[in-house]
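Heads up: the structure comes next, in structure tokens.
The values are calculated or read from the model by the stated rules, or taken from the named source; none is laboratory data. Please read all numbers here as calculations on a predicted model, not as lab measurements. Glycine gets a Cβ as well: all are built from the backbone with ideal geometry, and neighbour counts include every protein chain shown.
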Amino acid sequence: MEVRKNFVYKKTIFDYILIFFLLILASYSFQLLFYSFKNDNYVVEVYQDNKIVYRDFLSKDNLIHLRNAVVEVKNNKVRMKESSCPYKFCVNTGWIDKPYKQIVCVPNKIYVKISGKTTQGVDGVSY
Amino acid sequence: MKKQVFLFLFLLVFLFSCKKQQEYSETRFLMDTICEIKVVSDNEKFAKKVLDETFKEVERIDKVFGYSKDSEVEKINSFSGVKPVVVSSEVFSLIKKSIEISENTDGAFDITVGVLSDIWGFKKFSQEKNFVLPKKEEIKKALSLVGYKNIKLDEKKQSVFLTKRRMEIDLGGIAKGYSIMRTKEILEKNNFRNFLINFGGDIYVKGKNKDGKPWKVAVQHPRNKNEFLTILNLTDISIVTSGDYERYFVVDGERYHHIFDPKTGYPKNGIVSVTILHSDSTIADALSTGIFVLGEKKVRDVLKKYNFEYIIVKEENGVLKTFVSPGLKNFVKSE
């Protein structure tokens, strides 16, 4: 058996390029993992006057007090609990728990939406 | 050997190093409804910049065609029976298109129903506290002011004249579709090839979603909010639905909604929902109202003028019946 002694390894340009590409591959894998976790949970977003006033997981129970209205998040659902608007369409919408459903209160300029991956993969609803 | 390994890894990383296409969306409250735009892009900063620019245009259109005193439409209405009003080419074109659609739907779509919207309480729907049925005499009086043939256009002066005093035009049945087309133009101008525009349930889709598949658009069931009539696979097309379930009030157990028959002055009964698929949202928007009034028996007359697909839902004795165009099956999602 021949034993190589005093073997000296010299790095070449290919080694550095190889390391560089491996780092890119590692970074891509990390991003993939990060986004897959990020999209797992539904998120409630509440807007008033076109500004976001609340954003948190749908799984987190909460009561959000807005100008002239109250939004309730409970048991993975959200609803307009109270509103000062005259006809209460927003309140009558009831609980929503899917990304393609929304609650709108026109007089108080409030809308509530759920972000996240939809079941049935629906991108939008025509109504 | 090292060179082969390097080459293999280079190819592997090259394949996966492209930036992942993400979906970026923004939602705003405009035109009295929720307006959402989704774009597929690998550049978040650019996508958000263009979305912001696009919404500024939608705000502008809302002001031009809306109900505020400054809008050109309200100016036309305020001078009804008095004098022609010179308007922008944008407003003139949309009114001209509306008249053309009125002619092609035998008056079923008619922008002069504004006075009916007013007396039935739908003009400022969100602020109404008590909906009261208008009296028969009120409806008869209002009907005398309805009729697209009483709109006089002067192409040379670019003016609009409502010939009868207190006539009103209401572009609510077509302006949303128009704003979708303008939004589409801006997105295309900025090289977006895959997007979804959803303004209050009026939708236009282009290209594919972020998974590289046609956009999946559901059609709302008119009587059950938790159900869909169907789910369609769509690309490069507009889908607009008019229904009796979005803006209505109930008096003595009877539903009164916002889509009027221009011939009777009353909300059109029988039809509960109409969905139109057409390449142009402006036309789809107007046709969804026109076909709602015409019904399933006369839809073929309109098909001779425009190439579209439809879903019509009718209610008879509490039972829903659905009528669909033959070509619609090409868009139905396969399970």
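Would you point out which residue out of B:E90, B:E57 is on the phi < 0 side of the Ramachandran plot, surrounded by fewer than 16 Cβ atoms within 10 Å (Cβ to Cβ) and not assigned by TED's automatic domain parsing to the domain that holds B:F292?
Numbers: B:E57 fails: not assigned by TED's automatic domain parsing to the domain that holds B:F292.
That would be B:E90, the only listed residue that is on the phi < 0 side of the Ramachandran plot, surrounded by fewer than 16 Cβ atoms within 10 Å (Cβ to Cβ) and not assigned by TED's automatic domain parsing to the domain that holds B:F292.
Going by the structure shown, is B:G66 of a type outside the set (D, E, K, R) and within 14 Å of another protein chain (Cβ to nearest Cβ)? So B:G66 passes the test. For the stretch B:97-119, a residue qualifies if it is over 16 Å from B:N77 (Cα atoms) and outside any helix (DSSP H, G or I), and the qualifying residues are B:T105, B:D106, B:G107, B:A108, B:F109. From the list B:F161, B:F122, the one residue that fits, being closer than 16 Å to B:I259 by Cα and not in a helix (DSSP H, G or I), is B:F122. Among the residues of the stretch B:61-76, which ones are surrounded by fewer than 20 Cβ atoms within 10 Å (Cβ to Cβ), farther than 16 Å from B:G173 by Cα and not basic (K, R)? Result: B:S68, B:D70, B:S71. Counting only residues that are loosely packed, with under 15 Cβ neighbours inside 10 Å, part of a strand (DSSP E or B) and free of Cβ contacts under 8 Å to residues at least 24 places away in the same chain, the stretch B:224-275 holds 3 of them. Would the stretch B:274-283 turn up any residue that is at pLDDT 90 or above and more than 13 Å from the chain's Cα centre (by Cα)? Checked against the condition, which is being at pLDDT 90 or above and more than 13 Å from the chain's Cα centre (by Cα), the stretch B:274-283 yields no hits at all. Every condition in (1) over 26 Å from B:A218 (Cα atoms); (2) modelled with pLDDT of 90 or more is met by A:F37 except one, and the failing one is (2).
Sort through A:N68, A:N108, A:N76 and tell me the only one that's under 17 Å from B:T27 (Cα atoms) and among the polar types (S, T, N, Q). A:N108 is the lone residue from the list that is under 17 Å from B:T27 (Cα atoms) and among the polar types (S, T, N, Q). On inspection, B:S98 fails the criterion of being of a type in the set (G, A, S), surrounded by fewer than 17 Cβ atoms within 10 Å (Cβ to Cβ) and modelled with pLDDT of 95 or more.
For the stretch B:221-246, the set of residues classified as within 9 Å of another protein chain (Cβ to nearest Cβ) and basic (K, R) consists of B:K225 only. Just one of the listed residues (B:K156, B:K123) is surrounded by fewer than 16 Cβ atoms within 10 Å (Cβ to Cβ), of a type in the set (D, E, K, R) and over 30 Å from B:K45 (Cβ atoms), and it is B:K156. Among the conditions (1) without any contact (Cβ under 8 Å) to a residue 40 or more places away in the chain; (2) part of a helix (DSSP H, G or I); (3) in contact with a strand residue (DSSP E or B) (Cβ under 9 Å, 6 or more places away or on another chain), the only one that B:T289 does not satisfy is (1). Hey, among the residues in the stretch B:199-213 that are outside any loop (DSSP other than H, G, I, E, B) and either within 9 Å of chain A (Cβ to nearest Cβ) or surrounded by fewer than 19 Cβ atoms within 10 Å (Cβ to Cβ) (or both), which one's farthest from the chain's Cα centre (by Cα)? My answer is B:K208. Applying the selection to the stretch B:17-59, what residues are within 12 Å of another protein chain (Cβ to nearest Cβ), touching a residue at least 40 places away in the same chain (Cβ under 8 Å) and in a helix (DSSP H, G or I)? The one that is within 12 Å of another protein chain (Cβ to nearest Cβ), touching a residue at least 40 places away in the same chain (Cβ under 8 Å) and in a helix (DSSP H, G or I): B:V58.
Given the criterion out of contact with any Leu (no Cβ under 6 Å at 6 or more places or on another chain), hydrophobic (A, V, I, L, M, F, W, C), under 27 Å from B:H278 (Cβ atoms) and modelled with pLDDT under 95, identify the matching residue among B:L196, B:L153, B:L116, B:L133. Reasoning before the result, please.
Values: B:L196 fails: modelled with pLDDT under 95; B:L153 fails: modelled with pLDDT under 95; B:L133 fails: under 27 Å from B:H278 (Cβ atoms).
Going through B:L196, B:L153, B:L116, B:L133 in turn, the sole match is B:L116.
B:R166 meets each of the listed conditions (1) closer than 28 Å to B:K263 by Cα; (2) in contact with a strand residue (DSSP E or B) (Cβ under 8 Å, 6 or more places away or on another chain) apart from (2). Look at (1) among the aliphatic types (A, V, I, L, M); (2) under 19 Å from B:H278 (Cα atoms); (3) in a loop (DSSP other than H, G, I, E, B) and you find that B:V217 fails only one, number (3).
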